[in-house]
Number of protein chains: 2
Amino acid sequence: MYDLIILGGGPAGLTAAAYALHKRLETLVITQDLGGKTSLRFHAPWLEGHELLSGVELVNRFKSQLEYLEFVHELDRAVQVVRNDRTFSVRTEKQKQFEARALIVATGTTAKRLAVPGERELLGRGISYSAVSHAPLFIDRQVALIGQGTRALYAAAELALVAKGLVLILPDPKDVEAPLAKKLAENPKVKVLSGFQISEIVERDRFITGIALRHNGTSRGFEIEGLFVEMGTTPNSQMVAGLVEFDAENRIVVNARMATNCPGLFAAGDVTNTVAEQVLVAIGDGAKAALNVYEYLLGRITV
Amino acid sequence: MYDLIILGGGPAGLTAAAYALHKRLETLVITQDLGGKTSLRFHAPWLEGHELLSGVELVNRFKSQLEYLEFVHELDRAVQVVRNDRTFSVRTEKQKQFEARALIVATGTTAKRLAVPGERELLGRGISYSAVSHAPLFIDRQVALIGQGTRALYAAAELALVAKGLVLILPDPKDVEAPLAKKLAENPKVKVLSGFQISEIVERDRFITGIALRHNGTSRGFEIEGLFVEMGTTPNSQMVAGLVEFDAENRIVVNARMATNCPGLFAAGDVTNTVAEQVLVAIGDGAKAALNVYEYLLGRITV
């Protein structure tokens with residue numbers, strides 16, 4: 001029986017683990033890999049090992065600590081969480097089962113892919129799924145963004161501020177009618193294309209250099225140095241479905257203390273409805289979740 | 001007219017400023033000093049410049065950036081905030097006035113003092129107002145804690161885990177009846193004293209070495225290496241009183257996106273009801289507040 005099981009080993013999960021260990025809680029982290037998305041460095045020909053993500057060094061320190069403490073982590077994936085009387089049972093992909101008095105879900109999100117050849121190989125080599133993280137690497141560069149929904153338009157607005165030129169591809173014609181899309185279309189740096197899909201990704205020396213688009217038999221080609229895919233993200237929350245409140249997009253609803261509506265079950269990072277795609281936010285929320293688990297367990301002692 | 005005014009220059013305010021500048025918002029930080037409580041290093045004879053606070057390097061980086069950008073900060077204190085039609089006016093102690101479209105309050109808290117001679121001089125030299133921050137510096141040391149309320153008892157529980165011995169001074173006899181206090185009294189490392197007050201602080205070479213207590217004519221003396229004062233904290237929120245919702249302790253109530261119930265007014269750090277006294281939490285919440293201000297202002301553009 002553990003005091004705390006943490007699902008996920010990205011910035012939120014690793015920080016929560018560091019704090020929980022610091023508070024001397026019996027802790028287990030169940031994760032497929034340590035470091036999460038911060039393990040993916042972003043490369044571009046004009047960047048020389050430069051990394052803009054504030055907080056990555058901190059995450060790496062927590063990661064090293066956990067790598068060293070082998071008994072604290074399981075390289076596995078939680079498949080289902082069951083709530084018992086006053087504990088939680090976690091069943092994993094490798095058919096193991098673990099129990100704890102409290103739980104932090106920090107399993108992040110999975111970005112929706114385009115399923116175009118070359119997409120996977122060029123990830124982090126010109127292709128990004130997070131404009132909020134990588135837009136500042138593309139100052140005065142030619143970029144394209146394909147996406148749908150409000151977050152995609154916000155991302156486009158951010159890119160329009162910094163990039164030399166932006167090809168904004170909106171497969172869903174509804175998005176073109178949004179006020180922000182109309183505003184963007186007035187910007188001379190931005191070219192809005194409605195209904196198009198990406199049919200081909202062009203590369204040279206393993207960096208993206210262009211895209212081909214297609215729509216109703218029409219083809220277009222663009223030279224670009226960066227492609228942002230903002231088709232939405234899916235929170236990795238299935239293992240607690242039915243146990244805690246989700247928002248309309250299946251993100252775990254937390255309050256300002258990272259508690260869910262299920263006592264003893266906390267969540268942090270992008271799997272929650274406070275999704276920010278920011279390392280520092282995930283770190284802060286991970287710390288907060290662990291501190292509140294600690295208080296929750298202290299309170300339980302006194303009951 | 002600024003896009004954003006940030007009140008406070010501690011970890012939350014500095015991180016919010018770094019993010020806001022990164023997003024190219026016209027930003028002003030109004031603060032009496034840059035760095036907040038992280039500027040106070042904690043010294044003890046057995047620590048050689050060792051600092052345990054994760055995140056302090058990050059705060060220092062943000063601080064240097066802001067020191068350099070003179071036009072982005074005013075060394076002053078906000079006295080009152082007025083909400084106009086779609087903007088906020090901030091009046092300062094130096095009788096200046098500034099306007100912005102959005103506001104982040106990150107003014108922190110002020111710890112209640114004991115008002116015992118020597119207390120101010122030994123702050124950070126054996127005396128701490130935050131067990132949650134400094135307890136890990138006192139592993140296997142003899143310490144005392146004077147405090148009241150639930151947070152003081154939580155702090156005592158944490159110290160009892162790591163310290164060699166703990167003198168727990170509870171001036172308010174009601175606190176002795178709390179379940180956690182009773183639990184602590186059973187721990188052989190903990191000595192609980194009810195009703196006593198600290199009458200004298202003893203020092204040698206500018207480090208605390210002991211305390212004298214008094215209660216109804218009875219005196220007691222203890223040799224200690226650390227004194228934790230947990231008499232409560234007062235949030236520095238007066239300048240927005242009446243404008244936003246406060247909790248019962250006058251902390252600003254925020255949701256998981258750091259928004260208050262007043263549109264355009266956000267808050268972060270220990271001045272909020274998510275008070276954690278943790279640099280990493282303040283950093284994360286500061287980043288979150290700035291990102292949500294950015295989205296708020298983007299939304300406003302499109303209206």
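All of the numbers you see were taken from the coordinates with simple rules; none came from a lab. Since we're looking at a predicted model, the values are computed, not measured. Positions of Cβ are backbone-derived with ideal geometry, glycine not excepted, and every protein chain shown enters the neighbour counts.
The figures follow:
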{"read-out": "Candidates B:16, B:111, B:144: whichever shows maximal mean-square fluctuation once chain B is modelled as a Gaussian network with Cα springs under 10 Å", "value": "B:111"}
{"read-out": "Net +/- balance of residues flanking residue B:203 in space, Cβ distance below 13 Å, scoring K and R +1, D and E -1", "value": "-2"}
{"read-out": "Pair residue A:202, residue B:140: separation of 7 Å Cα→Cβ label points (nm)", "value": "6.7 nm"}
{"read-out": "Theoretical FRET efficiency, 1/(1+(r/R0)^6), r = Cβ-Cβ of residue A:164 and residue B:219, R0 60 Å, to 0.05", "value": "0.20"}
{"read-out": "In degrees, nearest ten, helix A:11-22 long axis to first principal axis of chain A (Cα)", "value": "20 degrees"}
{"read-out": "Lysines with Cα under 26 Å of residue B:288, excluding same-chain neighbours fewer than 8 positions away", "value": "A:23, A:37, A:63, A:112, A:183, A:288, B:23, B:37, B:63"}
{"read-out": "Gyration tensor (alpha-carbon) shape descriptor, region B:139-201, a/c threshold 1.5", "value": "oblate"}
{"read-out": "Eligible aspartates and glutamates near residue A:94 by straight Cα distance, threshold 14 Å, same-chain separation 8 or greater", "value": "A:74, A:76"}
{"read-out": "For A:286-293, mean number of other protein chain Cβ atoms within 10 Å", "value": "4"}
{"read-out": "Cα-based helix-to-principal-axis angle, B:150-162 vs chain B, degrees rounded to 10", "value": "60 degrees"}
{"read-out": "Residue-averaged [θ]222 nm for chain A, counting only DSSP H segments that reach four residues, each worth -39500 (n - 2.57)", "value": "-7500 deg cm²/dmol"}
{"read-out": "Partners for residue B:189 among aspartates and glutamates (Cα-Cα distance below 16 Å; same-chain residues under 8 apart left out)", "value": "B:140, B:158, B:223, B:225"}
{"read-out": "Rounded Å value of the spacing that divides the Cα centres of region B:92-145 and region B:250-298", "value": "19 Å"}
{"read-out": "Rounded if a/c under 1.5, otherwise prolate or oblate - region A:113-230, Cα gyration tensor axes", "value": "oblate"}
{"read-out": "Point-to-point label distance, residue A:26-residue B:26, nm (Cα→Cβ direction, 7 Å offset)", "value": "5.9 nm"}
{"read-out": "Sites residue B:183 and residue B:91 - FRET efficiency at Förster radius 60 Å, r taken between beta-carbons, to 0.05", "value": "0.80"}
{"read-out": "Cα-projected label distance for residue A:119 with residue B:77, points at 7 Å along beta-carbon direction, nm", "value": "5.6 nm"}
{"read-out": "Candidates B:20, B:115, B:155: whichever shows maximal mean-square fluctuation once chain B is modelled as a Gaussian network with Cα springs under 10 Å", "value": "B:115"}
